[in-house]
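Asks: Below is a structure I'd like to ask you about.
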Amino acid sequence: MGIIFKPSLQNEPIVRLKDPSTMNQPINNIFTIAQLGNEVLRQQATEVKNIQGDECQGLIKLMMEAVSEAGGVGIAAPQIYHSKRIFIMCSKPNTRYPNAPLMPPTAIINPEILHYSPEKIKDWEGCLSVPSMRGFVPRHNQITVRYVDQKGLVQQKELTGFIARIFQHELDHLNGITFIDQLESTKDLISELEWQKQFASA
Ligand SMILES: [Zn+2]
C-alpha cells in the first residue's frame with residue numbers, strides 16, 4: 001500500500017528511502033519509518049534552501065502520505081531518512097490520539113521557536129519512531145514560532161496546548177532529540193497497551 005514504493009515513483013530520487021534496509025517495504029509497515037537507534041534520528045538536520053524545488057516539494061508530499069498512513073499527528077523528515085529541516089503537523093482525532101484537535105495538514109520548513117511561555121505541562125506523547133511506548137513529557141504550553149510554509153512564505157504564530165506540543169516534539173527530531181530524552185523520569189515511560197487501557201478512553 002505504501003505510496004513511496006509505487007513503481008511509478010521509484011524513478012524519482014526524492015521518493016526513494018535512503019536506508020537500503022527499508023527499501024521495498026510498504027509505508028504502513030512501522031519499520032519503514034526510522035526507528036530509535038537509527039543514526040538519522042540523532043543527526044542535526046540541515047536547512048532547506050530551495051523550498052519551491054522538486055526535492056523539497058516532493059519530500060513534503062511524501063511526508064504527508066507517510067504520516068496519514070501511519071496514523072500520526074506529525075512527522076519529521078529524518079523519520080523517513082531525510083535529514084532536512086521540515087516537518088508536518090496534521091493533528092486530528094484518531095485511534096492513536098483520540099483527543100487531538102483538528103487542523104489541516106501543514107508543512108513547517110526551517111522552523112524556530114522565538115519565545116516560550118515559562119510554564120511547562122506534562123501530557124502523553126507517542127512517536128512513530130518509538131513504537132509501542134508512550135511518555136509523559138513536559139513541554140512549554142505556549143510558544144511563538146516562525147517558519148516558512150510550503151509556498152515559501154514566512155509565517156509567525158502563537159501555538160498553545162497540544163499543537164504547541166506537536167511543534168516542540170517535531171522540532172526536536174530536527175535536532176536529533178526524541179521524546180524519551182525529554183522525560184523527567186523513566187517512570188514516565190509506559191507501554192502503548194497499558195496507555196490504551198489507562199488513558200485512551202479518558
Ligand atoms: Zn516523533
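Asks: So how many residues does segment 83-110 have that are more than 12 Å from the ligand (Cβ to nearest atom) and at pLDDT 95 or above?
Replies: Number of matching residues: 9.
Asks: Quick check: is even one residue across segment 51-71 touching a Lys or Arg at 6+ places or on another chain (Cβ under 6 Å) and surrounded by fewer than 17 Cβ atoms within 10 Å (Cβ to Cβ)?
Replies: Yes, the conditions are met somewhere in segment 51-71.
Conditions tested, residue by residue: (1) closer than 30 Å to Lys49 by Cβ; (2) within 16 Å of the ligand (Cβ to nearest atom).
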position: Arg134; (1), (2): no, yes
position: Arg139; (1), (2): yes, yes
position: Val148; (1), (2): yes, no
position: Ile166; (1), (2): yes, yes
position: Asn175; (1), (2): yes, yes
position: Phe179; (1), (2): yes, yes
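Asks: Can you tell me which residue within segment 73-86, out of those that are outside any helix (DSSP H, G or I) and in contact with a Leu (Cβ under 7 Å, 6 or more places away or on another chain), is surrounded by the most Cβ atoms within 10 Å (Cβ to Cβ)?
Replies: The extreme case among them is Ala76.
Asks: Contact list please: Cβ distance under 8 Å, first residue in segment 116-137 and in contact (Cβ under 8 Å) with a residue 12 or more places away in the chain and basic (Lys, Arg), second residue part of a loop (DSSP other than H, G, I, E, B) and loosely packed, with under 14 Cβ neighbours inside 10 Å, pairs at least six apart or on different chains.
Replies: Lys122/Glu184
Asks: Of everything in segment 56-72, what is part of a helix (DSSP H, G or I) and either closer than 16 Å to Thr106 by Cβ or touching a Cys at 6+ places or on another chain (Cβ under 8 Å) (or both)? Give them in sequence order.
Replies: Result: Cys56, Gln57, Leu59, Ile60, Lys61, Leu62, Met63, Met64, Glu65, Ala66, Val67, Ser68.
Results for (1) in a strand (DSSP E or B); (2) modelled with pLDDT of 95 or more; (3) surrounded by fewer than 19 Cβ atoms within 10 Å (Cβ to Cβ); (4) basic (Lys, Arg), shown as yes or no for each residue.
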{"position": "Ile143", "(1), (2), (3), (4)": "yes, yes, no, no"}
{"position": "Tyr147", "(1), (2), (3), (4)": "yes, yes, no, no"}
{"position": "His169", "(1), (2), (3), (4)": "no, yes, no, no"}
{"position": "Ile180", "(1), (2), (3), (4)": "no, yes, yes, no"}
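Asks: Return yes or no: is Asn110 under 16 Å from Ile163 (Cβ atoms), among the polar types (S, T, N, Q) and surrounded by fewer than 19 Cβ atoms within 10 Å (Cβ to Cβ)?
Replies: no
The values are calculated or read from the model by the stated rules, or taken from the named source; none is laboratory data. From a predicted model like this one, the values you see are computed outputs, not experimental measurements. Counting neighbours? That spans all protein chains shown, and the Cβs are built from the backbone with ideal geometry, glycine included.
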